[in-house]
Amino acid sequence: SREIIYSFMRLRAVRVGVDVRLALGELTIETAARELAERVPMDPETAREEASFFASDPGQAISYHVGKMQIVSFLADVRRAAEGSFSLRAFHDRLWINGNVPIALQRWESLGDRNEVSRLDTARASLPM
């Protein structure tokens with residue numbers, strides 16, 4: 001089962017690289033499909049569909065990966081804060097109930113940790129109006 005997990009981790013990592021290089025014009029759909037087919041591995045038809053998708057929706061793979069990292073970090077912090085009374089089911093239920101609420105806001109509500117929100121506020125304040 002670990003091998004399957006590692007395979008999916010590799011798939012997500014390769015997708016990010018392909019996504020970024022397609023957006024930068026460093027890869028064509030054909031070369032991106034070939035890279036996906038060779039490095040993941042996956043069949044050529046699926047690889048072409050994925051490459052076409054990432055070319056039409058730049059940033060999707062990296063957004064997915066960043067979101068996953070945020071959720072895993074949030075999960076670890078909630079588990080640590082719960083000290084023995086942690087429930088994975090309750091964590092997932094709460095995550096799903098909150099739907100599209102950004103993880104930074106869920107972290108603030110659940111843990112009282114406003115660091116990410118403050119960082120975003122600071123970044124937003126420095127943007128030209």
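Consider region 40-67. How many of its residues are under 20 Å from the mean Cα position of the chain (by Cα) and either among the hydroxyl-bearing types (Ser, Thr, Tyr) or loosely packed, with under 12 Cβ neighbours inside 10 Å (or both)?
4
Which of the residues spanning region 50-71 are over 24 Å from residue 3 (Cβ atoms) and either part of a helix (DSSP H, G or I) or in contact with a strand residue (DSSP E or B) (Cβ under 7 Å, 6 or more places away or on another chain) (or both)?
Selection gives 51, 52, 53, 54, 55, 56, 60, 62, 63, 66, 67, 70.
Got at least one residue in region 20-28 being assigned to a helix (DSSP H, G or I), loosely packed, with under 15 Cβ neighbours inside 10 Å and either under 21 Å from the mean Cα position of the chain (by Cα) or modelled with pLDDT of 95 or more (or both)?
The answer is no, given that none of the residues of region 20-28 is assigned to a helix (DSSP H, G or I), loosely packed, with under 15 Cβ neighbours inside 10 Å and either under 21 Å from the mean Cα position of the chain (by Cα) or modelled with pLDDT of 95 or more (or both).
Checking the condition without any contact (Cβ under 8 Å) to a residue 60 or more places away in the chain, polar (S, T, N, Q) and exposed (fewer than 12 other Cβ atoms within 10 Å of the Cβ), which residue from 73, 126 passes?
Criteria check complete, one pass: 126.
The values are calculated or read from the model by the stated rules, or taken from the named source; none is laboratory data. Keep in mind the model is a prediction, meaning the values are calculated, not measured. Counting neighbours? That spans all protein chains shown, and the Cβs are built from the backbone with ideal geometry, glycine included.
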